[in-house]
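Where a number appears in this text, it was derived from the coordinates with a stated rule and is not lab data. Bear in mind that the values here come from a model prediction, so they are computed numbers and not experimental data. Cβ placement follows ideal geometry from the backbone for every residue including glycine, while neighbour counts extend to all protein chains displayed.
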Amino acid sequence: MVERGEGAALFTKDGRRVIDAISSWWVITHGHNHPRIVAAIREQAEKLDQVIFAGWTHEPAEELARGLVEMTPDTLEYVFYSDSGSTAVEVALKMALGYWRNRGSSRHRILVLEHSYHGDTIGGMSVGARGVYNQAYEELLFDVGTIPFPKEGAEQATLDALDSACEAGDIAAFIVEPLVLGAGGMMMYSPKVLAEMRMICARHGVIFIADEVMTGWGRTGTLLACEQARVVPDIMCLAKGMTGGSMPLAVTLASAAIFDAHYSTDRSRLFYHSSSFTANPIACAAGVANLAIWREEPVLERIATLAAREREGMERIAQRPSIANLRQSGSIIAFDIAVEDAGYLSQLGPRLLRSFREQDVLLRPLGNTIYMMPPYCLSEDDLATVFAAIENALDEVGV
Ligand SMILES: *Cc1c(COP(=O)(O)O)cnc(C)c1O
């Protein structure tokens with residue numbers, strides 16, 4: 001039972017201080033209860049709690065949209081608000097399909113990368129990897145084309161598969177997690193591959209959707225993962241860290257071509273997606289405060305320092321013979337434990353989870369993969385505690 005959060009720590013009712021080494025499922029960026037974000041939420045809550053976002057607007061939504069357009073690549077000029085990463089993805093898929101339909105094209109198929117995760121709504125699950133967490137709903141999920149994950153050394157196979165899939169001519173869009181596949185097991189690939197995948201899509205006129213829900217807001221060492229590949233997507237999804245992790249809020253950013261395809265006096269061509277809490281003013285105010293922190297504080301330097309310390313701290317753990325595939329992208333560091341029953345349901349996971357909890361460290365292995373994705377304010381002492389907890393846990397399970 002958690003009562004309070006501050007910086008990288010959670011405080012429980014029974015008096016424990018727990019280090020949040022996974023940013024409470026990848027959302028907390030600058031730390032829990034950042035004073036500037038808390039102040040913005042308090043101030044906005046006293047002015048305007050909620051207003052219909054159809055035909056009406058408000059300053060926090062306008063200011064945040066302007067800020068987002070400024071901070072992201074030039075051609076992403078349009079902002080559509082929703083309230084979670086999953087809905088941001090649904091909106092992106094609907095925009096892509098609407099684009100083709102309004103142009104009189106029958107393109108409708110979506111391509112995805114193997115091992116992807118794009119959310120838990122039906123559309124999000126459809127474009128994500130199939131597995132234990134969605135097999136009960138299989139009949140509801142729509143069919144997609146799957147491109148093999150670009151394994152190191154086999155990148156060309158991925159690019160060739162994408163190229164020939166795009167040839168088919170019925171492909172509306174390709175959706176990718178840039179550089180890091182999060183829920184799929186923190187699988188990483190190079191900016192070069194990302195850039196080439198983007199080029200292939202452009203060549204075939206296939207809409208390129210970047211799902212930066214996890215990778216955005218600095219996780220990979222740059223504000224956006226796409227920046228490292230100089231990739232500008234046609235549509236981009238942001239959520240998780242957009243309010244510093246304090247409030248649920250998401251956006252789908254789109255290019256003028258996507259917007260224009262829906263801009264019409266013919267109302268049947270409009271983009272239809274509305275939800276009750278679209279652009280909630282309090283959440284937007286938290287988003288505006290997050291942008292101010294990014295503009296005025298040395299966030300990228302903080303991430304670089306944290307990433308260097310993580311790399312250093314991992315050196316000893318990496319010596320263990322059972323550790324494989326150590327990898328890092330910005331503040332995300334991950335490794336696998338060589339076990340017989342690898343995968344999400346690995347028996348190792350629950351045992352490690354228990355050990356971490358007993359040591360007051362919040363880490364949540366993905367099957368046999370242990371990873372860290374802490375808030376950028378994590379101190380050197382806390383980081384040392386997290387590494388000690390990992391070593392103890394590995395000793396306990398005997399690997
Ligand atoms: C978490 C995540 C989502 C879903 O976001 P929610 O806010 O949990 O709905 C979508 N895409 C990626 C890449 C994610 O990591």
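The order of 243, 146, 369, going from fewest to most other C-beta atoms within 10 Å of their C-beta, is 146, 369, 243. Sorted ascending by nearby beta carbons within 10 Å, beginning with the fewest, 399, 89, 51, 231 become 51, 399, 231, 89. When the chain is treated as a GNM with alpha-carbon contacts under 10 Å, the residue of 297, 310, 196 showing the greatest mean-square fluctuation is 297. Rounded to a whole number of µm²/s, how large is the Stokes-Einstein D of segment 213-361 at 20 °C and 1.002 mPa s, given Rh as the Kirkwood radius over C-alpha pairs? For these conditions, the coefficient is 112 µm²/s.
Largest GNM mean-square fluctuation among 319, 228, 328, using the chain with Cα springs under 10 Å: 319. Remark: segment 48-109 carries a charge dipole of roughly 720 debye about the Cα centre, counting +1 on each Lys and Arg Cβ and -1 on each Asp and Glu Cβ.
Compute the distribution of all C-alpha to C-alpha distances in segment 1-104, in bins of 10 Å from 0, and list the percent of pairs in each, rounded to whole numbers. Percent of pairs per bin, in order: 11, 27, 35, 19, 7, 1, 0. Each Lys and Arg Cβ is given +1 and each Asp and Glu Cβ -1; about its Cα centre, the chain then shows a dipole of about 300 debye.
Show log10 I(q)/I(0) for segment 308-393 at q = 0.11, 0.15, 0.18 Å⁻¹, two decimals, from a solvent-free Debye sum over equal Cα scatterers. Results for segment 308-393 at q = 0.11, 0.15, 0.18 Å⁻¹ read -0.27, -0.51, -0.75.
When the Gaussian network model of the chain links Cα atoms closer than 10 Å, the mean-square fluctuations of 47, 240, 151 top out at 47.
Stick to the Cα atoms of the chain, pair each with every other, and give me the Kirkwood hydrodynamic radius in Å at one decimal. Kirkwood hydrodynamic radius for the chain: 21.9 Å. Listing 53, 208 from fewest to most neighbouring C-beta atoms within 10 Å gives 53, 208.
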